[in-house]
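Student: This is the structure I want to talk about, given as structure tokens.
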């Protein structure tokens, strides 16, 4: 079937495309500058608040970042970097930090570039945020209370995506827990574009991706967790897939699990919406995550982790 755009006069087509491009540019301005909740005071509701340290470090490309380091109180502890979802600040991961701290892990929570108290001009949907995680790892490697051989990342939604991408790039990350991660940013943009605009993917969806790349200064195709999980060698991956997730393709978790080449676990969480596994099943969630870490990121440094990183 011929496209109806073949019968549109060239000048009209150019004007429509130009107007659409301008509209997408304005729309993406809001997306890359989300409004974040003023919830830093939530830290005061946790027993570890007085021990928590506000820390400053830089992303690999120099962007200044701000976070909280919650020490376990043990010498040279295993450490988990916690990565929040889109539109959230670091305080959103405090409930996760609580059970990890109670179990004996250090945790590091921080604001990505362009969010919260950190620097940077925009949030980039996983294009540049892996550099932020790698900057966090570099910071942890300077601390004497962190075991450099026992560092993991744990994230939800876009935080899970960022964690997977960072682990594929940084050999110092030894394990990852990822809830509600999408397989590919390109696929997500195209699916959302068709769902919300009802416009044809060609040329308008392609134009939307082009505009996003030029605004963010990077390659959308590079945000591909399904490719990244195949590059982790023998480092372990725990995929958590919320089965009532209406934002991602129904088999996102299973796609990532199938593509992973190293030790891997998959938990399909019933009756649970996007990135809500912990809040729906807090005890089961904590138990499963801690069991994964007990196997691959043990608290006892004398106990060798299974399937150590190659």
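The values are calculated or read from the model by the stated rules, or taken from the named source; none is laboratory data. Quick caveat: nothing in here was measured; it's all calculated off a predicted structure. Neighbour counts run over all protein chains shown; Cβ positions are idealised from the backbone, glycine included.
Student: Quick test for you: out of 250, 273, pick the one residue that is surrounded by fewer than 21 Cβ atoms within 10 Å (Cβ to Cβ), at pLDDT 95 or above, assigned to a loop (DSSP other than H, G, I, E, B) and within 19 Å of the chain's Cα centre (by Cα).
Tutor: Values: 250 fails: at pLDDT 95 or above.
None of the others qualify; the one that does is 273.
Student: A further question on this structure: Here are the criteria: (1) closer than 21 Å to residue 232 by Cα; (2) without any contact (Cβ under 8 Å) to a residue 60 or more places away in the chain; (3) surrounded by fewer than 24 Cβ atoms within 10 Å (Cβ to Cβ); (4) touching a helix residue (DSSP H, G or I) at 6+ places or on another chain (Cβ under 9 Å). Tell me which single one residue 101 does not satisfy.
Tutor: The one condition residue 101 does not meet is (1).
Student: Which one of these is surrounded by fewer than 21 Cβ atoms within 10 Å (Cβ to Cβ), at pLDDT below 95 and out of contact with any strand residue (DSSP E or B) (no Cβ under 7 Å at 6 or more places or on another chain): 207, 212? I'd like the intermediate steps shown before the answer.
Tutor: On the way: 212 fails: surrounded by fewer than 21 Cβ atoms within 10 Å (Cβ to Cβ).
207 is the lone residue from the list that is surrounded by fewer than 21 Cβ atoms within 10 Å (Cβ to Cβ), at pLDDT below 95 and out of contact with any strand residue (DSSP E or B) (no Cβ under 7 Å at 6 or more places or on another chain).
Student: Also: Which of the residues that make up the range 43-62 are surrounded by fewer than 19 Cβ atoms within 10 Å (Cβ to Cβ) and in a strand (DSSP E or B)? Full working, then the answer.
Tutor: Kept after step one, since they are surrounded by fewer than 19 Cβ atoms within 10 Å (Cβ to Cβ), are these residues of the range 43-62: 44-51, 53-56, 58, 60-62.
Listed by number, the residues that qualify are 53, 54, 55, 56, 58.
Student: If we scan the range 170-188, do we find a residue that is out of contact with any strand residue (DSSP E or B) (no Cβ under 7 Å at 6 or more places or on another chain), more than 25 Å from residue 111 (Cβ to Cβ), at pLDDT below 95 and assigned to a helix (DSSP H, G or I)?
Tutor: Within the range 170-188 (the criterion being out of contact with any strand residue (DSSP E or B) (no Cβ under 7 Å at 6 or more places or on another chain), more than 25 Å from residue 111 (Cβ to Cβ), at pLDDT below 95 and assigned to a helix (DSSP H, G or I)), the answer is yes, since at least one residue qualifies.
Student: Then there's this: Identify all residues within the range 152-169 that are assigned to a helix (DSSP H, G or I) and buried (at least 23 other Cβ atoms within 10 Å of the Cβ); write none if there are none. I'd like the intermediate steps shown before the answer.
Tutor: In the first step, residues of the range 152-169 are kept if they are assigned to a helix (DSSP H, G or I); the result is 158-169.
158, 159, 160, 161, 162, 163, 164, 165, 166, 167 - these are the residues of the range 152-169 that are assigned to a helix (DSSP H, G or I) and buried (at least 23 other Cβ atoms within 10 Å of the Cβ).
Student: Yes or no: the range 276-287 includes at least one residue that is part of a loop (DSSP other than H, G, I, E, B) and touching a strand residue (DSSP E or B) at 6+ places or on another chain (Cβ under 7 Å).
Tutor: Here is the first cut: in the range 276-287, the ones part of a loop (DSSP other than H, G, I, E, B) are 276, 281.
Okay, now just the ones that are also touching a strand residue (DSSP E or B) at 6+ places or on another chain (Cβ under 7 Å), so 276, 281.
Yes: the range 276-287 contains one or more residues that are part of a loop (DSSP other than H, G, I, E, B) and touching a strand residue (DSSP E or B) at 6+ places or on another chain (Cβ under 7 Å).
Student: Taking residue 114 and the conditions (1) under 24 Å from residue 35 (Cβ atoms); (2) free of Cβ contacts under 8 Å to residues at least 60 places away in the same chain; (3) surrounded by fewer than 24 Cβ atoms within 10 Å (Cβ to Cβ), which numbered condition does it fall short on, given that it satisfies the others?
Tutor: Every listed condition holds for residue 114 apart from (2).
Student: Quick check on residue 238: is it part of a strand (DSSP E or B) and touching a residue at least 12 places away in the same chain (Cβ under 8 Å)? Outline the logic, then answer.
Tutor: On the way: part of a strand (DSSP E or B): yes; touching a residue at least 12 places away in the same chain (Cβ under 8 Å): yes.
Judged against the criteria, residue 238 is a match.
Student: Looking at the range 253-266, is at least one residue surrounded by fewer than 16 Cβ atoms within 10 Å (Cβ to Cβ), touching a helix residue (DSSP H, G or I) at 6+ places or on another chain (Cβ under 7 Å), modelled with pLDDT of 95 or more and outside any helix (DSSP H, G or I)?
Tutor: Taking the range 253-266 as the starting set, the residues that turn out to be surrounded by fewer than 16 Cβ atoms within 10 Å (Cβ to Cβ) are 254, 258, 261, 266.
Add one more test, that the residue is touching a helix residue (DSSP H, G or I) at 6+ places or on another chain (Cβ under 7 Å), and what stays is 261, 266.
Applying the additional criterion that residues be modelled with pLDDT of 95 or more yields 266.
Subset that is outside any helix (DSSP H, G or I): 266.
Yes, because at least one residue in the range 253-266 is surrounded by fewer than 16 Cβ atoms within 10 Å (Cβ to Cβ), touching a helix residue (DSSP H, G or I) at 6+ places or on another chain (Cβ under 7 Å), modelled with pLDDT of 95 or more and outside any helix (DSSP H, G or I).
Student: Quick one: would you say residue 224 is in contact with a strand residue (DSSP E or B) (Cβ under 7 Å, 6 or more places away or on another chain) and farther than 20 Å from residue 81 by Cα?
Tutor: On the way: in contact with a strand residue (DSSP E or B) (Cβ under 7 Å, 6 or more places away or on another chain): no; farther than 20 Å from residue 81 by Cα: yes.
No; evaluated as a whole, the condition is false for this residue.
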